[in-house]
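What follows is one structure encoded as structure tokens, with my remarks underneath.
The values are calculated or read from the model by the stated rules, or taken from the named source; none is laboratory data. Computed from a predicted model, the values in this text were never measured in an experiment. Here the Cβ is made from the backbone with ideal geometry for all residues, glycine too, and neighbour counts use every protein chain on show.
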Amino acid sequence: MTTLDRRMFLTGAAAGASLILVQVTPATAQGLTPDVQAAVDAILAGRTPIDAGITLDAPVSADNGAQVPVTVIVDSPMTEDDHVTAIHLVATLNPAPGLGSFHLTPRLGRAEIFTRVRLAEGQQFLAFAETSDGRVLRAAARTAVTIGGCST
């Protein structure tokens, strides 16, 4: 039987608080820097994003910012008439906010990308998926970083 000591309690409380604090929805993704806003505006090209149909999976906390896994999955039939044409990934505090743009075709069979990114500090990811009918889907997630991946 394990007894609850002060360190264990504080660690658990901090982890619980971080889960509450890092819940971010795209609707609350405001206050972007000019560089990030410019990157988002370039993706949207005047379109209004829809906060549905896209899943952005990133760890709530990364022990090492050198390799943070990020997966984006879009709910799409990936048929010739209805498919995802591109997935864009943006990080809100990176010097170059655009982490990548991935162009897809119906031949892929599913709209899903996986990558690893380097982060110096915790920040928010924004994912955008462009569809063949011109819609843009959006999702957001926040990752805290214990040890930055860009330090010397």
Can you go through ALA96, ALA52, ALA39 and tell me which one is surrounded by 13 or more Cβ atoms within 10 Å (Cβ to Cβ) and of a type in the set (A, V, I, L, M)?
ALA39
Please enumerate the residues belonging to segment 122-148 that are buried (at least 18 other Cβ atoms within 10 Å of the Cβ) and in a loop (DSSP other than H, G, I, E, B).
GLY122
Only one of THR105, THR48 is hydroxyl-bearing (Ser, Thr, Tyr) and free of Cβ contacts under 8 Å to residues at least 24 places away in the same chain, namely THR105
Answer yes or no: is there a residue in segment 94-117 that is farther than 17 Å from GLY134 by Cβ, in a loop (DSSP other than H, G, I, E, B) and charged (D, E, K, R).
yes
Of those in segment 52-91 that are charged (D, E, K, R) and over 13 Å from the mean Cα position of the chain (by Cα), the residue modelled with the lowest pLDDT is ASP63
Among the numbered criteria (1) touching a residue at least 40 places away in the same chain (Cβ under 8 Å); (2) over 21 Å from ALA38 (Cα atoms); (3) touching a helix residue (DSSP H, G or I) at 6+ places or on another chain (Cβ under 6 Å), which one does HIS88 miss?
(2)
